[in-house]
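Accompanying notes for the structure given below.
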């Protein structure tokens, strides 16, 4: 873009590591830069955490768990802190949104009216679980009293990505803290700012020191140190499948800490022959292009029934041409810049491969402007399953539209991937929907909708899209240990 | 004999201005159709606090119309659980902001301790509604494992219009134990507070409106049981009735429900709960527990441990300690922070308790302490302990609902269990022992809804409470309480070519 980027009206107050309730420099004194993706320019210098800082953070979290007040206070007291945090987030809604947009490039309206309110909603949702975490009493085969205690797992580690910094913060911090654990969080190096601000507000809400520690830094250093730490009881990672494998390996080789992984996807969006084409085009467009295409569950393989294929492609092309791309702080913008040079280059490479492999480039296909990481909304049609653009996760504004004939075929092709995160179905037919829903090997099926992320609905992958679920009651399992307690009974009146 | 706080009556006459005295229907405070009012009395003096609108059948009809409209056509069941939760949380915040006034209302209306109201009862009421607000967006049904090619699931749907008939002993707590889960579930309701204690309920209606609870969702009909209460129990357009009160009236409510539209009933009734103290108990701790168990809230609590069984090895020591503590117990004006219990709620209860005390004496139980009213004005009664109480005595069988303890000695664990269970009630029980096997055996053998081991009145928002036998059915507190406000709907549809079944 060649326009002058709008200056965000938010002050950057927190750029250091947060350990044991205090903002501190990195042990090495090093800092790294976080950049504005609209221009590639530096927003701020942030303390760069490494292994030593992770050690300090884990030590603080361990102390806070083993000796501090957090696990020992009543669930109601923890709940009140989380509720107060939600209230503070509400008071700082616009500030948080502006910081998020500055660091990440997503449209401001999206951040301020959807994502920050969703963060607040999630914190309130998890606060409500705090005093309702139940174990079981179970029937025994003999005279025994058996019960299960669901105990906090201890010190948890969270490594979160840059595509939804605040929401990813909530998906980890919410359940971990509601269950009475302490946490060390490593936000993505591209987007450290909002995690630090939110953590500050959580401390203002009364969180005891050491319960939440935030260490910005890089994956191979801080992230790896956290994944291989011998004193971390649980690790939750969201990011690419490639990095997920590394994290799992490190966790296994160190102390076998349980790991939940929320990884990549190449989710099918299936438009059936009875579809209202205009509605389907709009939903398919949203399913792919939302958040600059930077969604693990983006509907990145659009399967359209042959009877409506050509019409669909033409409308999808027109819709993409209409998509407004520009400064995310400008009103009415639908798409901002991609997150950084690395992603930007990767996406352009995939576009090139799409062209070279013979897909039809309907729109876009190149950079927009000469500054920052803007890419034109790109649509490919006549895509074949074996093309790279149909197999690999691109993580950018590149829609690939494939043709199918019948249900069994599209099921087979939709499932023919190592991924299994989500799928979209566009149809009115009850039987088609039921069949597809059960046949697709994915963690979320969206029927006539997409990207619905209500607090109570679990989210997660099949196959190489990961394992474990976040959100909903399911997320609590990640942060609890189950302890069975058995004792004999003498002359029980019933069994 | 308990001691009476003399300073009390003069220096603590703190009657707050009574702001709300009318029925609350469809978001407005209105007179009753008849124009009738009734008196609510201050049990410290027997004097009138205020005149309150007296609702009867026609008023209940109006309230049900409003609640039905709010449910069938209004937004309350149609907004998300999260949105209901938001307003319920605001309601809790408003309670916190008005703690003192609310506590004072319950004190002058029910004779409850003001210090307890301020620091425990009212904050606890706020925590109850917060608990259920936190549950509102977590109401799950199940997707089922059908043994045929069908997709099946259950939906938990709000049951509709609910009637709540609540008693006078814990007006605020009981208001929210009913209203909390009912609101969370998306139901609409008519609350009939006890005629002895209408004041705080009407104040809560005012706060509910400020919190954003839509008109018609929460309606309050103050009045009497045989009129307003009966109208609710027998109403053809109320889907469920929830009653907390005496077993005798519970029967009437259930009968009316059966004879009208078979509305769902839940009852939380009386008790004659046993506290069993074994030889290995710490004497001082056990004696304190036993005394609190029967004197807390002047004995006006359904789960009061009104039958005390003490094992013979510890009997003499414990009883001595018990009597010593009872004699030191301070009875007086409930606004006085030194006082440990205030007056009984009204003349009727006062006279009933004294009559039971006379029975106890006549039946031959040994009166160890107390047995008389205190002072000239109001409804104060001394902590009263009877020993050598036999099972067939009236004071061992009937719920007295006052500061009167029936004490007996036992030998073996089996005997204790047998005697603890020989009652038509089954609300709660207490066990004091350090022995694991005794605790486990006795807790599983007593037919009661709550067993407290080495504690008593250990309530918690997450812990369900309710009765066995003639103490009723259905549970309050905990997620269990929500069940009263739901219907379970099963939805089934065939599936074809499913890769798994």
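Derivation of every value follows stated rules applied to the coordinates shown; laboratory data play no part. For clarity, every value in this text was computed on a predicted model and none was experimentally measured. Methodologically, a virtual Cβ is constructed for each residue, glycine included, from the backbone with ideal geometry; neighbour enumeration extends over all protein chains shown.
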Could you give me the radius of gyration and the Dmax of region A:328-375, taking only the C-alpha atoms into account and expressing both in angstrom? 12.2, 37
When the Cα centres of region B:353-431 and region A:316-388 are compared, how far apart do they sit, in Å? 83 Å
Rounded to the nearest 500, what is the 222 nm mean residue ellipticity of chain B from helices alone, with -39500 (n - 2.57) per DSSP H run of 4+ residues and division by all residues? -11000 deg cm²/dmol
Helix A:309-322: inclination vs chain A longest Cα principal axis, degrees, rounded to 10, gives 70 degrees
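Can you list the equivalent-ellipsoid semi-axes of region B:234-311, largest first and in whole Å, using the square root of 5 times each Cα gyration tensor eigenvalue? Please report the intermediate quantities before stating the final value.
Working: eigenvalues 290, 23, 15 Å².
Here the semi-axes work out to 38, 11, 9 Å.
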Taking the alpha carbon gyration tensor of region B:169-319, what are the square roots of 5 times its eigenvalues, largest first, to the nearest whole Å? 38, 19, 13
So how tilted is helix B:171-185 from the main axis of chain B? Cα-based, degrees 0 to 90, rounded to 10. 30 degrees
Calculate I(q)/I(0) for region A:221-303 by the Debye formula, one identical point scatterer on each C-alpha and no solvent, and give its log10 at q = 0.15, 0.17, 0.18 Å⁻¹ to two decimals. -0.63, -0.70, -0.74
Using the eigenvalues of the Cα gyration tensor, what equivalent ellipsoid semi-axes result for region B:272-348 when each is taken as the square root of five times the eigenvalue, whole Å, largest first? 25, 15, 9
Which percent of the Cα-Cα distances in the protein assembly as shown go past 39 Å? 53 percent
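Pairs of Cα atoms under 8 Å, at least six residues apart: use those to get the relative contact order of chain B, whole percent.
On the way: 1197 pairs, mean separation 96.6, N = 501.
Here the relative contact order equals 19 percent.
So if the hydrodynamic radius of region B:19-66 is defined as the Kirkwood radius over C-alpha pairs, what does Stokes-Einstein give as its diffusion coefficient at 20 °C and 1.002 mPa s, in µm² per second? Can you show the working numbers first?
Working: Rh = 11.5 Å.
The diffusion coefficient I find is 186 µm²/s.
In Å³ and rounded to a whole number, note down the convex hull volume per residue for the Cα atoms of region B:166-244.
On the way: hull volume 6.8 nm³, N = 79.
Taking the convex hull of the Cα positions in region B:166-244, it is 86 Å³ per residue.
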Compute the helix-to-body angle for B:57-72: its Cα long axis versus the longest principal axis of chain B, expressed 0 to 90° and rounded to tens. 50 degrees
Check: C-alpha center region B:22-100 vs C-alpha center region A:19-82, spacing in Å is 48 Å
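For A:429-440, what's the mean count of beta carbons from other chains sitting within 10 Å of each residue's beta carbon? Provide the component values of the computation, followed by the final result.
Details: counts 0, 3, 5, 1, 0, 8, 5, 0, 3, 8, 4, 1.
Neighbouring Cβ atoms belonging to other protein chains average 3 per residue here.
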Once the piece of chain linking residue B:435 and residue B:491 is laid out straight, how much longer is it, given 0.36 nm per residue of separation minus the C-alpha distance between them? 15.2 nm
Return P(r) of region B:103-231 (all Cα-Cα pairs; 10 Å bins starting at 0; whole %; ordered from short to long distances). 12, 38, 28, 12, 7, 3, 0
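When only Cα pairs under 8 Å and 6 or more residues apart are kept, what is the percent relative contact order across region A:1-48? The partial results should precede the final answer.
Details: 53 pairs, mean separation 16.3, N = 48.
Relative contact order, region A:1-48: 34 percent.
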What is the percent of Cα-Cα separations in region B:296-420 that go past 19 Å? 48 percent
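Restricting to region A:79-213, compute how many DSSP beta bridges are antiparallel as a %, nearest 5. It would help to have the intermediate numbers written out before the result.
Details: 3 of 10 bridges.
Beta bridges within region A:79-213, antiparallel portion: roughly 30 percent.
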Using only alpha carbon pairs under 8 Å that are at least six residues apart, calculate the relative contact order of region A:95-201 and give it in whole percent. 31 percent
Let me know the volume per residue of the alpha-carbon convex hull for region A:359-495, in Å³. 206 Å³
Binned at 5 Å from zero, the C-alpha pair distances of region B:441-501 give percents of 4, 13, 16, 18, 12, 7, 6, 7, 7, 6, 3, 0
If you find the alpha carbon centre of region A:123-151 and of region B:168-199, how far apart are they in angstrom? 29 Å
Is chain B rounded, prolate or oblate when judged by the Cα gyration tensor, a ≥ b ≥ c being the square roots of its eigenvalues, rounded requiring a/c under 1.5 and prolate requiring a/b larger than b/c? oblate
Starting from the Cα gyration tensor of region A:247-348, take the square roots of the eigenvalues, sort them a ≥ b ≥ c, and report rounded, prolate or oblate (rounded when a/c is under 1.5, otherwise prolate if a/b is larger than b/c, else oblate). oblate
Need one word for region B:380-482: rounded, prolate or oblate. Basis is the Cα gyration tensor (sqrt eigenvalues a ≥ b ≥ c); a/c below 1.5 gives rounded, then a/b vs b/c decides. oblate
Over all Cα pairs of chain A, how is the pair count split among 20 Å bins, expressed in % and running from 0 up to the last occupied bin? 24, 53, 21, 2, 0
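Any idea what % of Cα-Cα pairs in region B:304-377 are farther than 18 Å? Each step should come with its number before you reach the end.
Details: 1468 of 2701 pairs.
Looking at region B:304-377, the distances longer than 18 Å represent 54 percent of pairs.
Stick to the Cα atoms of region A:1-73, pair each with every other, and give me the Kirkwood hydrodynamic radius in Å at one decimal.
Its Kirkwood hydrodynamic radius stands at 14.8 Å.
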